[in-house]
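Below is one structure, written out as structure tokens; the observations come after it.
The values are calculated or read from the model by the stated rules, or taken from the named source; none is laboratory data. These numbers were taken from a predicted model, which means no experiment stands behind them. All Cβ positions, even for glycine, are placed from backbone atoms using ideal geometry, and neighbour counts span all protein chains on display. With ligands, DNA and RNA removed, areas are computed over all heavy atoms of the protein, side chains included. Shrake-Rupley method; radii C 1.70, N 1.55, O 1.52, S 1.80 Å.
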Amino acid sequence: MTKTQLIKPRIREMLSKELPEELVEMLPKHWVRIGDVLILPLRSDLEPYKHRIAEVYAEVLGVKTVLRKGRIGGEFRETNYEILYGNDTVTVHVENGIRYKLDVAKIMFSPANVKERVRMARVAKPGELVVDMFAGIGHLSLPMAVHGKARVIAIEKSPYTFRFLVENIELNKVQDRMTAYNIDNRDFPGENIADRVLMGYVVTTHEFIPKALSIAKDEAVIHYHNTVPEKLMPEEPFETFKRVAREHGYEAEKLNELVIKRYAPGVWHVVVDVRVFKK
């Protein structure tokens, strides 16, 4: 997330000649930059001037495309962004020495999750086998392969997102230790193979716990993400994971728990690191 303290005067100067004074005060003070694409939140009052506003922000911030922030939803966590300026929404975002190529207009990438991506680079161990059940473009598993030198099986169901996952494996030169599958993770045939399992999904992640357990070796670590109402924390989401694990003949030990970010009012995106043991 970038703030405008240093360049806001220039944006204000350029647009104050064209916008009513009260609308100038409504100009966005925050935005998200992914590669050379900008995601801009715009109030409805600014609608008549949205394309000109986007053009100015693009010029001042040096980006090729500006999108209007929209809702993210659906099975594949797809974005719903309106193009305000430019037309090329594919970019390469560099973070922590890793190159992520993606279509910002169609694929979610949250800069707010940067700490978790950096953490995954540190927890991975050379040679261990990681199965990423919801790989996306390689958000969490690329750091494990690039910096952690882990072997990774990356599973992504969306054909469009999968194309970028394959490209990112090549861009980061980890073809020798990272393999991608364009399937539903519930159809993945591997059992009892993973030293570590990534479950980087939200809302319905609990439905995939049995599959994660079948993939995991005894004493493997599962990084379990989900969204949790604040009133159920800190017991959740680990209590649900532990209950489902016991139903399937496993014990679960909580190693660590972190709040990633706010998902919605009163709801948080949380990750729990769990070690699982076969009874």
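Observations, loosely collected:
- In region 97-108, residue surrounded by the fewest Cβ atoms within 10 Å (Cβ to Cβ) [restricted to those that are touching a Phe, Trp or Tyr at 6+ places or on another chain (Cβ under 6 Å) and outside any loop (DSSP other than H, G, I, E, B)]: LYS101
- When residues of region 201-254 are limited to those that are among the polar types (S, T, N, Q) and surrounded by fewer than 22 Cβ atoms within 10 Å (Cβ to Cβ), the one farthest from the chain's Cα centre (by Cα): SER214
- A count restricted to region 50-69 and to residues that are of a type in the set (Lys, Arg) and open to solvent by 50 Å² or more (accessible area, probe 1.4 Å) stands at 3.
- Scan of region 151-181 for residues that are under 18 Å from the mean Cα position of the chain (by Cα), within 30 Å of ALA252 (Cα to Cα) and not small (Gly, Ala, Ser), ordered by number: VAL152, ILE153, ILE155, GLU156, LYS157
- Close contacts from region 248-270, counting a first residue that is under 16 Å from ALA216 (Cα atoms) and of a type in the set (D, E, K, R) and a second that is modelled with pLDDT under 95 and not in a strand (DSSP E or B), with Cβ to Cβ under 8 Å and a gap of 6+ residues or different chains, come to GLU251/LYS279.
- Of the residues making up region 159-193, those that are of a type in the set (S, T, N, Q) and outside any helix (DSSP H, G or I) are ASN172, GLN175, THR179, ASN182, ASN192.
- Selection from region 154-183 of residues that are touching a Lys or Arg at 6+ places or on another chain (Cβ under 7 Å) and open to solvent by less than 40 Å² (accessible area, probe 1.4 Å): PHE164, ASN168, ASN172
- Residue count for region 11-41, restricted to those that are buried (at least 17 other Cβ atoms within 10 Å of the Cβ), among the acidic types (Asp, Glu) and assigned to a helix (DSSP H, G or I): 0.
- Subset of region 109-150 [surrounded by 20 or more Cβ atoms within 10 Å (Cβ to Cβ), under 14 Å from the mean Cα position of the chain (by Cα) and part of a loop (DSSP other than H, G, I, E, B)]: PHE109, MET133, PHE134, ALA135, GLY136, ILE137, GLY138, HIS139, LEU140
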